[in-house]
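J.: Before I ask anything, here is the structure I am working with.
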């Protein structure tokens, strides 16, 4: 036991965990900064500038403030579930990073069913929202929870089905292998990314992913103008911050997954000295994720949100049939070739 | 290490299962069931049946139980309704049924041979499961799908009166 | 803990704790998230502070949270009246410590110039306030200054933990404020004037005399307004005939109100109806005397739906009972209010304590319905008055079935600040600032409409240049108003950036208005008899530059939304209203035009050379949210057309009427001859004193027909000033429009109706 605890592979594993966890938590905090900055620029204004250079200390101030804010538990609330909910929301959101390959060797665990693992873990995230909304014992949170659970179940279907085509082509469920399968190029200049083989699946995936993470134009669960704050209306202080962190973590997860499935993960041109070759894949990976995040923020700042029934119709009547058709066509092609 | 984890998950599963039965509030029962399912999937992982473990969580904990919880919250049932009068006799039916299942399990385990266990360790991969589903067990598989389809249509007919 | 102990403890604080506390304070001050408790004009200036010209985000304070639990600063923006008091208190109590309060503007700080029966004289009656912002409303810079002041305060705070502020067990009992009693002479001459027999000619008058010889009491024409007094017993029959008879065809009931003549008349009250015939372009005023001992009259709700809230208001304000009204409750004052404030003998400052917010009738209806269906409990959802979609001051209580609204009721009055009572206790020229705060989105137009009514009372016409300035600035105000409406409507739909895109051109319009009069939001630029002063020398260039820049912004907005599928899905077909219904509910302005009725005062009853300008009246088809958006967008373009023509033809000359009863004599005369000096003294001391009479004057404001019904008793204060705010009639239909729709539709619809609380609740 002791030998194992001091063995190099265990220490390496620990280093990876600490590094990835720290990196993810840091980037989650700075996602809020990025979002506020990008949205400000879209809206012709500077955004946070006063707290640190370019407002860079803003997330730290926000986080610290939350730590020292009074934590209110409403008297009518179900205390146990009210406290449990943000934990249930945050832990699965963070767990999924354990199987994401941030680089050729920068992965905590390469499960053979890594992709399904992520789907399984993120599908548990809905409990945080549902329990939080219900435990608050208040109407707006409950409505938010209802909307959210219905929405997440519906879009999970199309999300999962959209990647089946990719799986048929790659023939693996391991995220590491999915990435390596996309290495190389066609004709020397088009990267062998799945997005070129599965464009429809990519679109379905991105749309459902936005819906899964409750972001505009699908942010019905929160919808500030309708439900005040949605499921987290009654939450204050760190618990509210945990919900927010979970939301951003989910954003990061689905973006990372989109990168792995469709954009070749960490693959990209490697050049320069050895240390640069070591770092470059991670940089490509982070860069590709950033594109998605940027897209997310742009969407949030331009589009109005759907109505509840339109959202459900869109999922069941548009996305799901499309995803099924995509699977059918892909399987036909795979069978023929 | 594996033993510790096994006992941990097993204890969690049994505890959660008992909790499902004894909880007064139906929502807590449902939540305990989720814990039970999750610890079961932990046990599957220990058996190297990764695929089963993950599917267990996706299908049961992540989808079906969400619907359960959803419905419970929608109805907002009061705590412990003692209106289970018509189920009074089922309690007594439960004892022989339980014994019967125990008997079945013991029989099955008794007949398992050692080399089967080794093979089972390999059976957890998606490829093997897919292969056996579409070759050896094709008929039951298709029959189940048909059954589910029928149930689905029935549900739609019930839910939508003005078709 | 005693003071010495605390002092001792403080001495023991070592370096670590002080730097720790300063770190915490740094975090707190850098992340002050506001809860915008917006009610009135100040909320608009707060929105301007968030907009791109000022950008509150620089301080990390742009994360506006509508959940009190997640916010740090309670920003009280605007007037808080007694009805809103309990709501404000509740929001404050729900906030997590540490929490701070900023009181923005004169009203929140001390009640402002509303020393009235329904207005809280400063929120510190019920809350501890950290920073007060002076101004009415304060400019955005002042808001930023307050944030910085609060940051300094937080930074220097040595407490590590916060104790809850002692909760005040009950609201402070307001004292009767006797300083603003109306000391007026009795309306004897006025009553005599109104009862004087007059032989009126004219198509409507003769037709009326022919049809209803027995019901007629008297008939008079003054300044072109026909007013007919009829008997109470048959009033309903007569009015119904006026509506249905094709010769009269008064399809629209514009306004219902009452007037109190004290004991000067045998029948103390008059119930006054203003009717409009859209097909014949006729207007008429019907008055029904109602005695004090039996203040009842038949409700006209089943004749015109628009009588609904107006009758409730007359009930609230005068205590007149409308028989057969389905839901006769107080509407503007709170449920615990005692007395009928617009009666002449009601002291203007007499407040009543309000401690609770009551359920609306929908709760009872839903409960009964649920019982009859054998269900356990109806689902009631309360939205507002502090709900982001309810724009701060409206309350919607709905019985919901999941996401669908089955039944709903609205409540207003959370910004009732007694405009009509205030104008009865102020001199004619002092009323202008009050009018600015009616529809504070386009303050200029209210002033114009009010000044027009006094000018009509005098029977004078103002100089051409003043007319043109009024037209140009009013049209700019209309653009600004529509932009805010569209911007906030889109924000309610979730498309938040439109707020910034629509506030930017608005800010540029403010700059122009500010250059004319020094005010941004509430301008007080109009004077009775013209405008305050001439426009600056570079006015035309600046206005022309705006004509260049605004279309760009408008086009950007259009590009972003018009073809947007989600926007269309969310808006088309939502709360569509037919032309007949819209007329019946008393809709005017863009909402009526969206339903397909091309009624626009500027075209139908033009004044100020509107008949010489070339412009079109955009008309919608279905009257849904999308059509309202289209109509408003097109009106912006048409307003630009009008402004362009008006700028080209802007005449030279004075901007004040040369009438010594109205405008001050030139300074040169004041210093050189005794007549002018006397005249100046009198006008300053007593103000403007119009002749005895009653007029209804109207103007196409941004939301529709803004009417002022003015009665003058030949004194320095209006005897009665009734404002017909277009919102009031539009919003009463809201609870009926949203029934059967989704909750989100109600949110989309409210934004598109452009309900402005100041005008709605007066």
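J.: Hand me the list of helices (runs of 4 or more DSSP H) wholly inside segment A:241-337 holding 3 or more residues that are away from chain C (no Cβ under 14 Å) and either in contact with a helix residue (DSSP H, G or I) (Cβ under 9 Å, 6 or more places away or on another chain) or surrounded by 15 or more Cβ atoms within 10 Å (Cβ to Cβ) (or both). Reasoning before the result, please.
T.: On the way: elements: A:274-302, A:308-313, A:320-336.
The helices (runs of 4 or more DSSP H) meeting that bar are A:274-302, A:320-336.
J.: Within segment A:102-115, can you find the residues that are surrounded by fewer than 23 Cβ atoms within 10 Å (Cβ to Cβ) and either touching a strand residue (DSSP E or B) at 6+ places or on another chain (Cβ under 8 Å) or at the interface with chain B (Cβ under 9 Å from one of its Cβ atoms) (or both)?
T.: A:111, A:112
J.: At pLDDT below 70, part of a helix (DSSP H, G or I), surrounded by 10 or more Cβ atoms within 10 Å (Cβ to Cβ) and more than 23 Å from the chain's Cα centre (by Cα): which single residue out of B:85, B:116, B:80 fits that description?
T.: None of the others qualify; the one that does is B:116.
J.: Name the one entry in C:690, C:654, C:618 that is outside any helix (DSSP H, G or I) and within 25 Å of the chain's Cα centre (by Cα).
T.: C:618
J.: If you don't mind, another one. Hey, among A:172, A:122, which residue is touching a helix residue (DSSP H, G or I) at 6+ places or on another chain (Cβ under 9 Å), surrounded by fewer than 20 Cβ atoms within 10 Å (Cβ to Cβ) and either within 11 Å of another protein chain (Cβ to nearest Cβ) or modelled with pLDDT under 85 (or both)?
T.: Going through A:172, A:122 in turn, the sole match is A:172.
J.: Then there is this: Considering segment A:33-56 alone, what residues qualify as being more than 7 Å from chain C (Cβ to nearest Cβ) and surrounded by fewer than 20 Cβ atoms within 10 Å (Cβ to Cβ)?
T.: Selection gives A:34, A:35, A:38, A:41, A:52, A:53, A:54, A:56.
J.: For segment C:31-67, which residues satisfy the criterion of being in contact (Cβ under 8 Å) with a residue 60 or more places away in the chain and within 7 Å of chain A (Cβ to nearest Cβ)?
T.: Of everything in segment C:31-67, those that are in contact (Cβ under 8 Å) with a residue 60 or more places away in the chain and within 7 Å of chain A (Cβ to nearest Cβ) turn out to be C:52, C:59, C:66.
J.: Hey, another quick one. Collect the residues in segment A:128-153 that are facing chain B (nearest Cβ under 7 Å), under 16 Å from residue B:59 (Cα atoms) and buried (at least 23 other Cβ atoms within 10 Å of the Cβ), keeping them in residue-number order.
T.: Selection gives A:149 alone.
J.: I would also like to ask the following. Is it true that some residue in segment C:115-131 is on the phi > 0 side of the Ramachandran plot and modelled with pLDDT of 85 or more?
T.: no
J.: May I ask you to verify whether residue A:85 is within 12 Å of chain B (Cβ to nearest Cβ), at pLDDT 85 or above, under 28 Å from residue A:21 (Cβ atoms) and in a helix (DSSP H, G or I)?
T.: Yes; evaluated as a whole, the condition is true for this residue.
J.: Being on the phi > 0 side of the Ramachandran plot and in contact with a helix residue (DSSP H, G or I) (Cβ under 9 Å, 6 or more places away or on another chain) is the filter here; which residues of segment C:719-756 pass it?
T.: First, the residues of segment C:719-756 that are on the phi > 0 side of the Ramachandran plot: C:740, C:754.
Correct list: C:754 only.
J.: Tally the residues that are at pLDDT below 80 and surrounded by fewer than 23 Cβ atoms within 10 Å (Cβ to Cβ), restricting the search to segment A:198-224.
T.: Just the residues of segment A:198-224 that are at pLDDT below 80, to begin with: A:216, A:220-224.
This time we only want the ones that are surrounded by fewer than 23 Cβ atoms within 10 Å (Cβ to Cβ), so: A:224.
Matching residues across segment A:198-224 total 1.
J.: Quick one: would you say residue C:63 is in contact with a strand residue (DSSP E or B) (Cβ under 6 Å, 6 or more places away or on another chain) and either surrounded by fewer than 21 Cβ atoms within 10 Å (Cβ to Cβ) or within 22 Å of residue C:144 (Cβ to Cβ) (or both)?
T.: no
J.: Test residue C:453 against the stated conditions and say whether it is over 30 Å from residue C:46 (Cβ atoms), in a helix (DSSP H, G or I) and in contact with a strand residue (DSSP E or B) (Cβ under 7 Å, 6 or more places away or on another chain).
T.: So residue C:453 fits the description; yes.
J.: Yes or no: residue C:169 modelled with pLDDT of 85 or more, out of contact with any helix residue (DSSP H, G or I) (no Cβ under 8 Å at 6 or more places or on another chain) and either within 14 Å of chain A (Cβ to nearest Cβ) or assigned to a loop (DSSP other than H, G, I, E, B) (or both)?
T.: Against the criterion (modelled with pLDDT of 85 or more, out of contact with any helix residue (DSSP H, G or I) (no Cβ under 8 Å at 6 or more places or on another chain) and either within 14 Å of chain A (Cβ to nearest Cβ) or assigned to a loop (DSSP other than H, G, I, E, B) (or both)), residue C:169 does not qualify.
J.: What number of residues within segment A:224-240 are within 21 Å of residue A:28 (Cα to Cα) and at the interface with chain C (Cβ under 7 Å from one of its Cβ atoms)?
T.: The number of residues fulfilling the criteria is 5.
J.: Another question, if that's okay. Of everything in segment A:68-82 that's more than 8 Å from chain C (Cβ to nearest Cβ) and under 22 Å from residue A:247 (Cα atoms), which residue is modelled with the highest pLDDT? Working first, answer last.
T.: We begin by selecting, within segment A:68-82, every residue more than 8 Å from chain C (Cβ to nearest Cβ); these are A:73-82.
From what's left, under 22 Å from residue A:247 (Cα atoms): A:73, A:80-82.
On the way: A:73: 85, A:80: 86, A:81: 86, A:82: 89.
Result: A:82.
J.: Looking at segment C:543-563, can you tell me whether even one residue there is more than 14 Å from every other protein chain (Cβ to nearest Cβ) and at positive phi?
T.: Looking for residues that are more than 14 Å from every other protein chain (Cβ to nearest Cβ) and at positive phi, one finds none in segment C:543-563, hence no.
J.: Quick check on this structure: which one of C:396, C:415 is touching a helix residue (DSSP H, G or I) at 6+ places or on another chain (Cβ under 8 Å), in contact (Cβ under 8 Å) with a residue 24 or more places away in the chain, within 14 Å of chain A (Cβ to nearest Cβ) and surrounded by 24 or more Cβ atoms within 10 Å (Cβ to Cβ)?
T.: Criteria check complete, one pass: C:396.
J.: Looking only at segment C:35-86, count how many residues are assigned to a helix (DSSP H, G or I) and more than 22 Å from residue C:384 (Cβ to Cβ).
T.: Filtering segment C:35-86 for residues assigned to a helix (DSSP H, G or I) gives C:41-50, C:56-59, C:68-70, C:85-86.
After this cut, where a residue has to be more than 22 Å from residue C:384 (Cβ to Cβ) as well, the list is C:48-49, C:56-59.
Selection size over segment C:35-86: 6.
J.: Pick from C:322, C:337: which is over 24 Å from residue C:225 (Cβ atoms), free of Cβ contacts under 8 Å to residues at least 40 places away in the same chain and buried (at least 19 other Cβ atoms within 10 Å of the Cβ)?
T.: Just a single option satisfies the conditions, and that option is C:322.
J.: Confirm whether residue C:26 is facing chain A (nearest Cβ under 8 Å), surrounded by fewer than 23 Cβ atoms within 10 Å (Cβ to Cβ) and modelled with pLDDT of 85 or more.
T.: yes
The values are calculated or read from the model by the stated rules, or taken from the named source; none is laboratory data. Predicted model, so just to flag it, every value in this text is computed and none were measured. Note: ideal-geometry Cβ built from the backbone for every residue, glycine included; neighbour counts use all protein chains shown.
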